[in-house]
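Asks: The structure follows.
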């Protein structure tokens, strides 16, 4: 290869990442397989995992992508909570609009002169032509069969003839 200066040592060291040189495939040279001696392999200390620039860059890129996913997940969570709050506010506003419309209708009703006169009668403040009266609190209750009470049911007449027969009898007279 090239000459080394006296200041720098020239060494060719193969790491575990590069067990064969890059040009061995070009010239058809195969690397020699490592010896299969089990006793030396188990007693030899294992090399520590070395951090190369590539591994460090992948680690930094992985941590950055995890951070980025976390930031986006937090923003998505905040957006969904804001959307649910907006839905709740819309529902509350719609309920308030219905309440306001109901109160406006009630205001229109109580401002009518007929309603005011009716409420005044309840406080014995009717027109001068009206004679106020109040039932005696010690009066006995009405009987169940009193006129106008709900206890009396009118007799239901059983209709034996069909409506067509009734019309024919009215038009042509009774046939006996």
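The values are calculated or read from the model by the stated rules, or taken from the named source; none is laboratory data. Everything numeric here is computed off the predicted structure, so don't read it as measured data. When we count neighbours, we look across all protein chains shown, and the Cβ atoms used for this are built from the backbone with ideal geometry, even at glycine.
Asks: Checking residue 130 against (1) modelled with pLDDT under 80; (2) in contact with a helix residue (DSSP H, G or I) (Cβ under 9 Å, 6 or more places away or on another chain): exactly one of these is not met. Which one?
Replies: In the conditions (1) modelled with pLDDT under 80; (2) in contact with a helix residue (DSSP H, G or I) (Cβ under 9 Å, 6 or more places away or on another chain), residue 130 misses (1) alone.
Asks: Of the residues that make up region 44-61, is at least one at positive phi, loosely packed, with under 10 Cβ neighbours inside 10 Å and either in a loop (DSSP other than H, G, I, E, B) or at pLDDT 65 or above (or both)? Please lay out each step first, then the result.
Replies: Step one: list which residues in region 44-61 are at positive phi, which gives none.
No, every residue in region 44-61 fails to be at positive phi, loosely packed, with under 10 Cβ neighbours inside 10 Å and either in a loop (DSSP other than H, G, I, E, B) or at pLDDT 65 or above (or both).
Asks: From the residues in region 111-136 that are assigned to a helix (DSSP H, G or I) and surrounded by 10 or more Cβ atoms within 10 Å (Cβ to Cβ), which one is nearest to the chain's Cα centre (by Cα)?
Replies: As a first pass, look at region 111-136 and keep what is assigned to a helix (DSSP H, G or I): 113-122.
Next, only the ones that are surrounded by 10 or more Cβ atoms within 10 Å (Cβ to Cβ) stay: 115-121.
Details: 115: 45, 116: 47, 117: 50, 118: 48, 119: 47, 120: 50, 121: 52 Å.
The extreme case among them is 115.
Asks: Another one. Restricting region 139-176 to residues that are closer than 30 Å to residue 116 by Cα and either in contact with a helix residue (DSSP H, G or I) (Cβ under 7 Å, 6 or more places away or on another chain) or loosely packed, with under 10 Cβ neighbours inside 10 Å (or both), which is modelled with the lowest pLDDT?
Replies: The qualifying residue modelled with the lowest pLDDT is 148.
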